[in-house]
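The values are calculated or read from the model by the stated rules, or taken from the named source; none is laboratory data. If you're wondering where the values come from, they're calculated on a predicted model, not measured in any experiment. A quick note on method: Cβ atoms are made from the backbone with ideal geometry, for glycine too, and the neighbour counts reach across all protein chains shown.
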Amino acid sequence: MREVVGQILTHTLPHSSTEQQARYDQYLRTLVDTHVLWAVIPCPPPDASPRDRRRYANDLRITTAYVREALRLRTMAQPAAVALVLSKIDSLFADEDEARQALTDATLRNALGPLVHLIDTSSHVSDSIILPVTSFGFGNAVLREREGDSADPSPEPSDDPYGAEPTWLLKEGAIATPFNLDTLVIWTLFQGLLSQEDQEDTADLCRMLADDLQTEDRWYVALKGDVERA
């Protein structure tokens with residue numbers, strides 16, 4: 001697995017240094033031959049300010065650009081599987097029931113609209129889902145106060161087009177209980193096994209993972225592909 005460094009993702013611009021551009025190109029090359037891609041978009045905080053909404057919109061734009069470029073440069077005949085992950089849902093909802101009630105299939109599709117459109121129209125994607133997740137679990141996070149949250153906030157840097165991202169910390173004494181991350185891992189393993197040329201040794205495992213994904217407690221929205229058929 002390879003995870004992008006945030007500075008590469010959000011701060012590589014046409015006028016960036018040669019070193020930064022090289023790091024950008026190097027990371028992009030790792031995406032081209034990847035069997036499963038995760039596009040992770042964090043939820044905006046509750047009572048989002050215009051700055052927070054701008055940050056969310058820019059997260060969508062830059063992540064969509066990355067995925068589009070990785071798919072455009074893909075030379076493998078085999079299409080990729082793409083998971084669109086909406087993270088930090090515990091920042092908006094008190095528990096799973098409240099999250100499921102608010103985040104309907106249509107709402108999730110609309111919230112990740114540019115990415116969903118890219119997946120729908122790309123011939124380089126065979127399977128895709130949307131998954132809402134939280135690493136801390138519901139009720140375990142607290143928002144760290146930002147410098148600009150005071151009564152007299154300082155202006156944002158003019159050279160930062162994306163603004164500051166809200167930082168959530170695990171409450172003191174709380175124990176992280178991740179929600180729906182296991183579904184993401186199981187789907188990723190399933191897609192990774194399906195991408196292998198010789199599947200005789202993994203057929204039973206694939207069936208087991210497929211059965212697990214179809215249980216009622218798994219929460220995801222299928223965009224492309226069919227787990228049962230696969």
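Values as computed for the structure displayed
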{"item": "Qualifying positions in the range 150-180 - loosely packed, with under 12 Cβ neighbours inside 10 Å, at pLDDT below 85 and among the small types (G, A, S)", "result": "S150, A151, S154, S158"}
{"item": "Test: residue in the range 211-219 that is surrounded by 13 or more Cβ atoms within 10 Å (Cβ to Cβ), assigned to a helix (DSSP H, G or I) and under 24 Å from the mean Cα position of the chain (by Cα)", "result": "yes"}
{"item": "Residues located in the range 180-201, provided they are in contact with a Ser or Thr (Cβ under 8 Å, 6 or more places away or on another chain), part of a helix (DSSP H, G or I) and farther than 20 Å from V125 by Cα", "result": "L181"}
{"item": "Scan of the range 191-209 for residues that are touching a strand residue (DSSP E or B) at 6+ places or on another chain (Cβ under 9 Å) and of a type outside the set (S, T, N, Q), ordered by number", "result": "G192, L194"}
{"item": "Residue count, the range 129-140 (criterion: of a type in the set (A, V, I, L, M) and either part of a loop (DSSP other than H, G, I, E, B) or out of contact with any Phe, Trp or Tyr (no Cβ under 9 Å at 6 or more places or on another chain) (or both))", "result": "1"}
